[in-house]
Amino acid sequence: GVKMIRGPDATHKSLLRHFSEWGHVDQLRLIPNKAIAFVTYTHRACAEFALEAMHCQTLDNDDLLNIRWAYDDPNPRAQQLAKEALEEQFRGHMAEAGLTKIDGAEYDYPIDYEAPSTKRQKGEDG
């Protein structure tokens, strides 16, 4: 568990400071009454490294950290927010790459793509 060092704000800052050493922290959720925290990294590799590096370490006090993987949040609202965030991230990457989705098309095309004109069939107009 996470012992409240000097209240939830100080504990949150301490956790963020220690866990940010291993990569960009997207979200840090502290649940003081249960003495637990959830740290979400931008990249899974950072989370894996933090898990190994911070296991059995201490924060700003003498309490050892018990670090393990969390299960997906069963809250439907949290799942919906996570899905929307992932979709928004995907759309951002697509826009950066200059790609859009054309309705009804099987493929994604660059924004400046123009479909070739159709060829005339033999026998049409001569």
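Observations
- If you go through the stretch 42-75 and keep only what is open to solvent by 90 Å² or more (accessible area, probe 1.4 Å), closer than 18 Å to residue 27 by Cβ and part of a helix (DSSP H, G or I), you end up with 44, 49.
- Test: residue in the stretch 110-126 that is at pLDDT 75 or above and acidic (Asp, Glu): yes
- For residue 67: the one exception among (1) out of contact with any helix residue (DSSP H, G or I) (no Cβ under 6 Å at 6 or more places or on another chain); (2) hydrophobic (A, V, I, L, M, F, W, C); (3) modelled with pLDDT of 80 or more: (1)
- On the stretch given as the stretch 30-41, residues that are of a type in the set (Lys, Arg) and surrounded by 12 or more Cβ atoms within 10 Å (Cβ to Cβ) total 0.
- Residues that are outside any helix (DSSP H, G or I), without any contact (Cβ under 8 Å) to a residue 24 or more places away in the chain and closer than 18 Å to residue 73 by Cβ, drawn from the stretch 21-41: 25, 26, 27, 28, 29, 31, 40, 41
- If you go through the stretch 40-62 and keep only what is more than 14 Å from the chain's Cα centre (by Cα), within 20 Å of residue 13 (Cβ to Cβ) and not β-branched (Val, Ile, Thr), you end up with 50, 53, 54, 57, 59, 60, 61, 62.
- Residue match in the stretch 1-20 (condition: under 25 Å from residue 86 (Cα atoms), open to solvent by less than 60 Å² (accessible area, probe 1.4 Å), at pLDDT 90 or above and part of a strand (DSSP E or B)): no
- The stretch 68-96 residues that are touching a residue at least 24 places away in the same chain (Cβ under 8 Å), paired with ones that are open to solvent by less than 100 Å² (accessible area, probe 1.4 Å) (beta carbon under 8 Å, 6 or more apart): 70/38
The values are calculated or read from the model by the stated rules, or taken from the named source; none is laboratory data. Nothing here was measured: the structure is a model prediction, and the numbers come from that model. Methodologically, a virtual Cβ is constructed for each residue, glycine included, from the backbone with ideal geometry; neighbour enumeration extends over all protein chains shown. Protein only, heavy atoms only, side chains kept; ligands, DNA and RNA dropped before computing areas. Shrake-Rupley method; radii C 1.70, N 1.55, O 1.52, S 1.80 Å.
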